[in-house]
Amino acid sequence: MFDNYGLPFYLYLVTVIILLLVFAFFVSIQLKVLILDITKVIDVLYIEQKKIMFTQENYLKFFSLYLLRYNYFFCISLSELFLENTDSLDIKKNLFIYLGFIYNEINIIDIAEYYYLQASYIDPNDLDINSALIQISNRL
């Protein structure tokens, strides 16, 4: 049935088909992940159009969760989002303090100083803000 040259050819075909099936499996998984990511982005854009208010309770829950897990990027993103959605000066002052603290923790001193200064513009007599600014100026 097989001559001397036919057997290696058929083994080559079987090997190539097996490799292609393995690659197809991984590509299909990546396509599934890509489609899920695209649907998440579309959902976020749809929610953005609705302008759902982000409450202070939601902020505090997520902020404490991310802070305990040392996910500073999520804390910064969450604080910036809530900062854009709030009008209260008291809440803004606290958000500036939180952002200054987070940037100070990840050793980005210039941005931490900026946020502490923003908080001190709102309440110049706050001792916590002034002591944080003194600590930052000592580190520079």
Review point. Which residues, taken from the stretch 54-66, are loosely packed, with under 14 Cβ neighbours inside 10 Å and hydroxyl-bearing (Ser, Thr, Tyr)?
Key: Thr55, Ser64
Revision key, fill the gap. When every residue in the stretch 67-88 that is under 11 Å from the mean Cα position of the chain (by Cα) and among the hydroxyl-bearing types (Ser, Thr, Tyr) is compared, the one surrounded by the fewest Cβ atoms within 10 Å (Cβ to Cβ) is Ser77
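Quick grid of which residues meet (1) more than 24 Å from Ile122 (Cα to Cα); (2) modelled with pLDDT of 75 or more; (3) touching a helix residue (DSSP H, G or I) at 6+ places or on another chain (Cβ under 8 Å):
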{"position": "Val22", "(1), (2), (3)": "yes, yes, no"}
{"position": "Asp43", "(1), (2), (3)": "yes, no, no"}
{"position": "Tyr46", "(1), (2), (3)": "yes, no, no"}
{"position": "Gln49", "(1), (2), (3)": "yes, no, no"}
{"position": "Phe63", "(1), (2), (3)": "no, yes, yes"}
{"position": "Asp87", "(1), (2), (3)": "no, yes, no"}
Revision key, fill the gap. For the stretch 78-91, pairs from a residue that is more than 15 Å from Ser64 (Cα to Cα) to a residue that is at pLDDT 85 or above and not acidic (Asp, Glu), with Cβ under 6 Å and 6 or more apart or across chains, are Leu83/Leu95; Leu89/Ile122
Practice item. Would you check if there is a residue in the stretch 68-76 being at pLDDT 80 or above, more than 27 Å from Asn138 (Cβ to Cβ) and assigned to a helix (DSSP H, G or I)? Key: yes
**Study point:** Residues located in the stretch 97-110, provided they are in a helix (DSSP H, G or I) and either without any contact (Cβ under 8 Å) to a residue 12 or more places away in the chain or more than 20 Å from Asn71 (Cβ to Cβ) (or both)
**Key:** Ile109, Asp110
Study note, to complete from the structure: Restricted to the stretch 125-140 and to residues being closer than 21 Å to Leu95 by Cβ and not in a helix (DSSP H, G or I), the residue modelled with the highest pLDDT is Asn125
Practice item. Would you mind finding the one in Ile102, Ile122, Ile91, Ile108 that is crowded, with 17+ Cβ neighbours inside 10 Å and either at pLDDT 85 or above or out of contact with any Gly (no Cβ under 9 Å at 6 or more places or on another chain) (or both)? Key: Ile102
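The values are calculated or read from the model by the stated rules, or taken from the named source; none is laboratory data. Given the structure is predicted, the values throughout are model-derived calculations rather than measurements. Ideal geometry is used to build each Cβ from the backbone, glycine not excepted, and the neighbour counts take in all protein chains shown.
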